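Below is one structure; the comments refer to it alone.
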Amino acid sequence: MSNFKFLQAFFGTLLLTLTFLFVERTSNPVQSSPIRNGVLIESLINPLLHIIYTHPTFLLSCIWCLVLSILYYYTSSPNPVFLLDFSCFKPNPNQKCSYKASELFVLRTNRFSEESQEFMRKIYLRSGLGDETYAPKFVFQSNPKADLESAFDEAQEGMFSSINSVLSKTNIDPSRIDCLIVTCGSFSPMPSLTSLIVNHFKLKSDVKTYNFSGMGCSSGVMSIDLAANVLKQSNKIGYALVVIIETINLNWYYGDSRPMLVTNCIFRVGCVAAMITNDPSCRRVAKMELVHSLRTHHGANDRAYKAAFQEEDDKGCTGFSLTKDLIPVAGMFLREHIKILGPRVLPLSQLGMYVYSVIRSTMTRGASKPIVPDFTKAFDHFCIHTGGKAVIEQVGRVLRLGEELTEPARMSLHRFGNTSSSLVFYELAYLEAKGRVKKGDRVWMLGFGTGFKVGSLVWKALLDFANERDNPWSDCIDRYPLKSW
């Protein structure tokens, strides 16, 4: 888009200059020039040479157009947006939730029928989760009880830990934070979680705060997009702190509806804090630059709107229903999403092949399907929303990604479970711990959310990533990837 903007400015200014020259030429005819000899020259290049010969200021005008275009480009383009650093929360080891711990918790609650217990057992064993994911503290209590206090405790522990870590890594004082964005899909207390952070870290009084809720697993990607837009529209250098969390204390389902029981098996504790800035001088120390972002909302489609839904079952128990429509809806609207994203990121060779396939499909009345472009030509690494094993497999099929490219998503699901919208950063941390991201590499973060929403972030690495002390994978990265999953 920036290149298009520059060309638009240049040719617009050039056209204006040529218009004035044409008006001047028609109002003041000039004598014939010796350059007019030769039919071929006259028919091909005489008009341009004639303007140059009769108007020696033409070249200066072109140079002036170029200078104006460059000035317009640099004065009207927003500052670049950088990811200074991020930090993923790693809960206490005594919160590790193995299959055995999950089974014991279900038995202690004494609130599930034998049929529901057997269903959850089957879902868990096929989910792709390992034995080292993290559950809320109440799961391990002898008399499990989830209440508002335990939900606050879960939120505070995750947010404060990850924020302290990212502030330490970036050496940013809390008083320098200009914008605070917190996203938590299903826990929205009053005062808000942003107010909780403002109070704890004593942020300045004119800090801009945004509190996301109800946006599901796509809200992490969308909160980064919001931070980028806030910084781009600002006339001053600023810092935005983005906190992405989901609490599951108050969202445990105790009924017998199978679409709602699935969430008990796959969602786990997680949080990430990221520091974003528009300071150009930070390019030399920032990890990545945000190149593109895209949000699409498909809620106008009834099937998509109801694919993942919070509601009450027939006994009045509130739960979050993951319907059978979720996987096909994700595939359907991922295709719609990449139709918009593709032209912005794909090389011309892939775009040409895709356009040809669309024309061919139209001419054959659908007998031949349009091809899916090869996104490995645009991106080096993929951080796919890890909603579940079936979601990863569906995205892999749609985008034609091999196991190596879906490895971060599959391994993150195994190690941390579905931590909702923060999980794409656990995948980035996986790539960091493996040392795979090199300077100049492009990373695609892709998230899906209720509603139904799809969000993309395209990052460009500004340095070689290396394993860091606070990386959540530090103590186990040597065991991954797993040979079987």
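The values are calculated or read from the model by the stated rules, or taken from the named source; none is laboratory data. Note that this is a predicted model, so its numbers are computed, not measured. Cβ: placed from backbone, ideal geometry, glycine included. Neighbour counts: every protein chain shown. Note: accessible area is taken over every heavy atom of the protein model, side chains too, but ligands, DNA and RNA are not part of it. Shrake-Rupley method; radii C 1.70, N 1.55, O 1.52, S 1.80 Å.
Counting only lysines at least 8 places from K315 when in the same chain, those with an alpha carbon closer than 21 Å to its own are K145, K306.
Loop only by DSSP, 10 or fewer other Cβ within 10 Å of the Cβ. Give me the trypsin sites (Lys or Arg not before Pro) in the stretch 229-318 that pass, ordered by residue number.
Values: sites: K232, K236, R268, R283, R284, K287, R295, R303, K306, K315; in loops: K236, R268, K287, K306, K315.
For trypsin sites (Lys or Arg not before Pro) across the stretch 229-318 that sit outside H, G, I, E and B with at most 10 neighbouring Cβ atoms in 10 Å, the list reads K236, K315.
On a per residue basis, the stretch 119-234 carries 44 Å² of accessible surface, using protein heavy atoms and a 1.4 Å probe. Straight-distance candidates among the aspartates and glutamates for linking to K232, with alpha-carbon spacing under 12 Å and chain neighbours fewer than 8 residues away dropped: D279.
Using a probe radius of 1.4 angstrom, the carbon and sulfur fraction of the accessible surface of the stretch 169-215 is 49%. Can you give the net charge of the other residues whose Cβ lies under 14 Å from the Cβ of G319, counting K and R as +1 and D and E as -1? Here the count lands on -2. Expressed to the nearest 5 percent, the antiparallel share of DSSP beta bridges inside the stretch 128-276 is 40 percent. Ligands, DNA and RNA are left out, and with a 1.4 angstrom probe the accessible area of the stretch 315-363 is 58 Å² per residue. In the stretch 342-485, the DSSP beta bridges split such that about 65 percent are antiparallel, to the nearest 5. Hey, which of these cross-link pairs are over 22 Å Cα-Cα: K169/K389; K96/K287; K122/K434; K90/K434? Going by Cα-Cα distance, K169/K389; K96/K287; K122/K434 fall outside the 22 Å limit.
Rounded, prolate or oblate for the stretch 259-385? Axes are the square roots of the Cα gyration tensor eigenvalues, ordered a ≥ b ≥ c, and the cut-off for rounded is a/c under 1.5. Oblate, since a/c reaches 1.5 and b/c is not below a/b. I'd like the carbon and sulfur percentage of the solvent accessible area for the stretch 290-436, probe radius 1.4 Å, heavy atoms only, ligands and nucleic acids excluded. Summing carbon and sulfur atoms, their accessible area is 53 percent of the total for the stretch 290-436. Over all pairs of different C-alpha atoms, the stretch 370-485 has a mean inverse distance whose reciprocal, the Kirkwood radius, equals 14.5 Å.
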